[in-house]
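Trainee: What follows is a single structure, and I will ask about it in a moment.
The values are calculated or read from the model by the stated rules, or taken from the named source; none is laboratory data. Predicted, not measured: the structure shown is a model, and the values here were computed from it. We place every Cβ from the backbone using ideal geometry, glycine too, and count neighbours over all the protein chains shown. Note: areas computed on protein heavy atoms with side chains; ligands, DNA, RNA excluded. Shrake-Rupley method; radii C 1.70, N 1.55, O 1.52, S 1.80 Å.
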Amino acid sequence: MSDLWRVIAGLFRRDEPVAPYVKISLPMVAVGLGLISPDLKDAALSFLNKTLGLGLSLDTPWWIGACLVAIGVIIFFIGFLTDLRTDPGRFIAIRHQSFKPLTAELPNEALPKRLRKRKIVTLSCDQSNFLTGGVCDPIGAVRQQQQLANEIVGNLKTDPAAILGYYGIVHIPLQFLAGCSVSTHPKVALFELERATSSWRELENSAGLDLEVMVTRTTNPEFPIACAIRIAVSYPVKSSDVDEVVPAPYRDYSISIAKPTIDAVTTYDQVNAIVEALRRTLDEIHNELPSNLVVHLFYSGPVSVGFSLGRTISRTIHNRVIVYNYTSSTKPAYAWGVEVTKERPPQEMVVNNT
């Protein structure tokens, strides 16, 4: 009965998806009742003709209304029972964490309503023991994350129609690496943590504010031996910090929103604008510079964007990309990074600049 009440309640909620069988049966029942009632007959016939194109005469007898009611009720319950028996598939929630204290798992009420009927499978990757409490072991973290990638692949083989979700608080190179591992999946539901309530929310399916994403080639030596890409969403990325780890001469790109600030990104369209800027930049590097030239990437922004940026990096097309982690207490500030474009033994993927 709870499922039936959910369907009925959804008729009165703008954010609740309405099943196709409801869209068909409800007008038929409404019009049928109108035909039975003489006062509503003409209006009901006009509505039915316009909605379903039946071309019924305005002199249609009352018993046709009764038939429409019966047919509408039958369609509703057949659709409802079929909906109950249909397996909606899985929602694979990837919980990615490398900081302590650990955040809570994604609650059911935080799920998009279109996914709440799916079976939730949570894949947790807690790398905090490798990167907190004075410990810095990115090799161990990458090794554990490779196991996560295998789990994702295994679940998608079991249910190719599964939908992925991604959330957590994790070091930037690991965000990008996770994104690269699911780069071919058509779409991933993204969640960010509300700072005020410590609760998860999905990004909005709307345009949102125009963040005015800008791409600038700030330095362009004639014969660069490397490339740097600085992506500023939450905070600026200082070129002086980049100079400490990237060999000169290097071509430098700045990808930035107009006013970098925390919590600037709230919608999928905003994420896509930043992702598209990186994609164009990587394609430009691929087309203009030697394929063995390494791209050094520095990012400041939310997890959902970092993960999505990782998804746009092609392991088969683009140059090698190393993504760096920032720590204000180390010298250099970008003390370590991970090459996200190649699946290798972890010790060959991690770059240590100390």
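Trainee: Can you tell me which residues in region 252-278 are small (G, A, S) and either under 21 Å from V323 (Cα atoms) or surrounded by fewer than 15 Cβ atoms within 10 Å (Cβ to Cβ) (or both)?
Mentor: Scanning region 252-278 gives S254, S256, A258, A273, A277.
Trainee: Would you check if L297 is touching a residue at least 12 places away in the same chain (Cβ under 8 Å), aliphatic (A, V, I, L, M), on the phi < 0 side of the Ramachandran plot and not in a helix (DSSP H, G or I)?
Mentor: yes
Trainee: If you don't mind, there's one more thing I want to ask. Only residues that are open to solvent by 50 Å² or more (accessible area, probe 1.4 Å) and either of a type in the set (S, T, Y) or touching a residue at least 24 places away in the same chain (Cβ under 8 Å) (or both): list them for region 97-107, please.
Mentor: Listed by number, the residues that qualify are F99, K100, L102, A104.
Trainee: Let me ask something else. Can C125 be described as in a loop (DSSP other than H, G, I, E, B) and in contact with a strand residue (DSSP E or B) (Cβ under 9 Å, 6 or more places away or on another chain)?
Mentor: Criteria not met by C125.
Trainee: Same structure, new question: Mind counting the residues in region 108-143 that are within 23 Å of the chain's Cα centre (by Cα) and open to solvent by 50 Å² or more (accessible area, probe 1.4 Å)?
Mentor: 11
Trainee: State yes or no: is S308 under 19 Å from Y167 (Cα atoms), open to solvent by less than 10 Å² (accessible area, probe 1.4 Å) and within 12 Å of the chain's Cα centre (by Cα)?
Mentor: Criteria not met by S308.
Trainee: Go through (1) touching a residue at least 40 places away in the same chain (Cβ under 8 Å); (2) assigned to a helix (DSSP H, G or I); (3) not hydrophobic (A, V, I, L, M, F, W, C) and name the single condition G208 misses.
Mentor: With respect to (1) touching a residue at least 40 places away in the same chain (Cβ under 8 Å); (2) assigned to a helix (DSSP H, G or I); (3) not hydrophobic (A, V, I, L, M, F, W, C), G208 is out only on (2).
Trainee: Here's a follow-up. For region 211-251, give me each residue that is exposed (fewer than 14 other Cβ atoms within 10 Å of the Cβ) and closer than 13 Å to L289 by Cβ.
Mentor: R217, N220, P221, E222, F223
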